[in-house]
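The values are calculated or read from the model by the stated rules, or taken from the named source; none is laboratory data. Everything numeric in this text was worked out from a predicted model, so none of it was measured. Because the Cβ atoms are built from the backbone with ideal geometry, glycine has one as well, and the counts that use them run over all protein chains shown. For the accessible areas, the whole protein counts, side chains as well, though only heavy atoms, and no ligand, DNA or RNA atoms are used. Shrake-Rupley method; radii C 1.70, N 1.55, O 1.52, S 1.80 Å.
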Amino acid sequence: MIQSKVAGVGKYIPEKTVTNDELSQIMDTSDAWIQERTGIKERHYAKRYEESSTTLAYNAAKIAIERAGITAKDIDFIVFATITPDYYFPGCGVLLQRMFDMNEIPALDIRNQCSGFVYALSIADQFIKTGTYKNVLVIGAEVHSFGLDFSNAGRNITVIFGDGAGAIVLQPTEKPGQGVLSAHLHSDGKNAEILSMLNPGFHCGVWLPEDQKPVKSDKPYADVFINQEQIAKHDFYPQMDGQAVFKKAVEKFPEVIMEALTRNNLETSDLALLVPHQANLRICQFVQHKMKLRDDQIFVNIQKYGNTTAASIPIALCEAWEEGRIKEGDLVCLASFGSGFTWGSALIRW
Ligand code: UT7
């Protein structure tokens with residue numbers, strides 16, 4: 001039976017470090033507040049006009065490809081997760097294919113926010129298992145800093161997000177019990193707007209309650225994708241009801257991790273490492289406590305990078321591997337929760 005194994009991991013963190021104190025000079029926040037509520041000490045920002053999600057991904061992918069012992073020409077499928085794409089369309093997948101001058105392989109873009117990487121991995125896994133592809137590049141990359149609200153109105157979100165990219169190469173293995181054992185994906189759109197960036201968009205207010213609908217225009221070609229009213233209200237930034245997201249996250253993380261373990265007749269004590277999406281240190285600590293995991297069974301690096309949404313799991317996975325915390329035969333669980341809501345887990349025997 002063919003399974004997919006992680007053959008190479010890579011990450012790229014932009015050089016520029018931004019501390020909490022630096023943020024407190026431009027908005028009404030403080031190092032104490034940010035550390036107490038999120039655990040974050042600093043994050044990294046990409047170089048404007050020089051870097052993008054695709055260029056960060058390129059740097060991470062180069063390392064993953066090299067560590068997998070192949071070249072870019074061997075990649076036969078790209079799955080690219082991001083919510084901060086270079087262009088509205090086409091997606092970053094084709095831009096990455098172009099940067100590497102790869103063969104005319106398929107490139108798929110995934111828009112599942114913080115769960116993007118787990119969704120991407122699960123899709124790649126299916127294509128490997130069916131024997132369709134042999135070297136799949138799975139990416140999570142973000143440049144949040146180019147589109148955040150640095151006024152006080154955006155402080156609850158802006159202080160948590162950071163930029164970065166992580167990549168893995170998945171390859172087939174026939175070694176019994178090795179590789180991705182299972183992946184579990186979920187969504188619940190009831191709270192889609194609770195953590196969202198709604199504009200620019202093609203919705204024309206269709207999801208808004210009657211009393212908040214936009215004034216209808218008689219113009220044949222109305223300016224509805226992004227209009228002056230939205231620009232005046234700065235209604236084009238990410239928005240979040242942090243407490244609502246927090247409550248759901250601490251419910252769904254343990255649930256989806258247990259789903260993966262139970263499916264494989266395994267227990268939390270079998271886990272060598274849990275690599276959760278780095279949303280908030282308090283969420284990670286809650287999950288660790290609830291699941292009775294020792295400190296060495298969970299990987300946390302949000303202190304250094306903030307929340308990098310789709311990039312956070314592959315960055316953490318790569319860093320854990322580089323630090324020697326993942327060895328052959330180890331049971332590793334990836335778990336995510338985020339906007340949508342979407343959540344998921346993947347269990348990997350390394
Ligand atoms: O990755 C995708 C999923 N995202 C998440 O999982 C995020 C989940 N949520 C969270 O991590 C937390 O809710 C936050 C870190 C975003 C916020 O922490 P909180 O403890 O839930 O704070 P809060 O939103 O309840 O706000 C508490 C107070 C408010 O002031 P008042 O109303 O009590 O006077 C906020 O206005 O803190 C204020 N506040 C800030 N103060 C200083 C909000 N943001 C900031 C800030 N600096 N950056």
Looking only at the range 136-162, and only at residues there that are within 16 Å of the ligand (Cβ to nearest atom) and assigned to a strand (DSSP E or B), the one that is nearest to Gly116 (Cα to Cα): Gly140
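Just checking, how many residues over the range 291-326 are among the aromatic types (Phe, Trp, Tyr) and over 13 Å from the mean Cα position of the chain (by Cα)? Before you say what the answer is, go through the steps one by one.
Narrowing the range 291-326 to residues among the aromatic types (Phe, Trp, Tyr): 299, 305, 321.
Those left that are additionally over 13 Å from the mean Cα position of the chain (by Cα): 299, 321.
The total comes to 2.
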Complete set of residues in the range 112-132 that are open to solvent by less than 50 Å² (accessible area, probe 1.4 Å) and either at pLDDT below 95 or part of a loop (DSSP other than H, G, I, E, B) (or both): Asn112, Gly131
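Can you name the residue in the range 18-66 that is outside any helix (DSSP H, G or I) and among the polar types (S, T, N, Q) and, of all such residues, is nearest to the ligand (Cβ to nearest atom)? Show your work before the answer.
Taking the range 18-66 as the starting set, the residues that turn out to be outside any helix (DSSP H, G or I) are 18-19, 25-30, 39-52.
Filter again for among the polar types (S, T, N, Q), leaving 19, 25, 29-30, 52.
On the way: Thr19: 14, Gln25: 13, Thr29: 3, Ser30: 6, Ser52: 21 Å.
Among residues in the range 18-66 that are outside any helix (DSSP H, G or I) and among the polar types (S, T, N, Q), the one nearest to the ligand (Cβ to nearest atom) is Thr29.
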Unmet criterion (only one of (1) open to solvent by less than 60 Å² (accessible area, probe 1.4 Å); (2) within 30 Å of Trp350 (Cα to Cα); (3) not in a strand (DSSP E or B)) for Ala165: (3)
First in the range 138-166 and at positive phi and in the same structural domain as Ile105 (by TED's automatic domain parsing), second anywhere and of a type outside the set (Lys, Arg) and at pLDDT 95 or above, Cβ under 6 Å, 6 or more apart: Gly164/Ile13; Gly164/Tyr305; Gly164/Thr308; Gly164/Ala311; Gly164/Ile315
Top-ranked residue in the range 183-211 [being open to solvent by 80 Å² or more (accessible area, probe 1.4 Å), assigned to a loop (DSSP other than H, G, I, E, B) and away from the ligand (no atom under 16 Å from the Cβ); ranked as farthest from Gln243 (Cα to Cα)]: Phe202
Total residues in the range 156-179, condition over 13 Å from Ala7 (Cα atoms) and polar (S, T, N, Q): 2
Within the range 163-206, considering residues that are under 19 Å from the mean Cα position of the chain (by Cα) and acidic (Asp, Glu), the one nearest to Ser115 (Cα to Cα): Asp188
Some residue of the range 271-278 being among the β-branched types (Val, Ile, Thr) and either closer than 20 Å to His144 by Cα or outside any helix (DSSP H, G or I) (or both): yes
Odd one out for Val215 among (1) within 16 Å of the ligand (Cβ to nearest atom); (2) among the hydrophobic types (A, V, I, L, M, F, W, C); (3) out of contact with any helix residue (DSSP H, G or I) (no Cβ under 6 Å at 6 or more places or on another chain); (4) assigned to a loop (DSSP other than H, G, I, E, B): (1)
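With respect to Ala244, determine if the residue is out of contact with any helix residue (DSSP H, G or I) (no Cβ under 6 Å at 6 or more places or on another chain) and outside any helix (DSSP H, G or I).
On the way: out of contact with any helix residue (DSSP H, G or I) (no Cβ under 6 Å at 6 or more places or on another chain): yes; outside any helix (DSSP H, G or I): no.
No; evaluated as a whole, the condition is false for this residue.
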Tabulated pairs, the range 268-291, first within 16 Å of Ala346 (Cα to Cα), second in a loop (DSSP other than H, G, I, E, B) and of a type in the set (D, E, K, R), C-beta under 9 angstrom, 6+ apart or interchain: Thr268/Lys292; Leu271/Asp330; Ala272/Arg325; Ala272/Lys327; Ala272/Asp330; Leu273/Arg325; Leu273/Asp330
Residue in the range 33-63 that is surrounded by the most Cβ atoms within 10 Å (Cβ to Cβ), counting only those that are of a type in the set (Gly, Ala, Ser) and under 30 Å from Leu108 (Cα atoms): Ala57
Failed condition for Thr71, given (1) more than 16 Å from the ligand (Cβ to nearest atom); (2) within 20 Å of the chain's Cα centre (by Cα); (3) among the polar types (S, T, N, Q): (2)
Criterion: loosely packed, with under 15 Cβ neighbours inside 10 Å and either in a helix (DSSP H, G or I) or within 16 Å of the ligand (Cβ to nearest atom) (or both) - qualifying residue of Ile231, Ile226, Ile257: Ile231
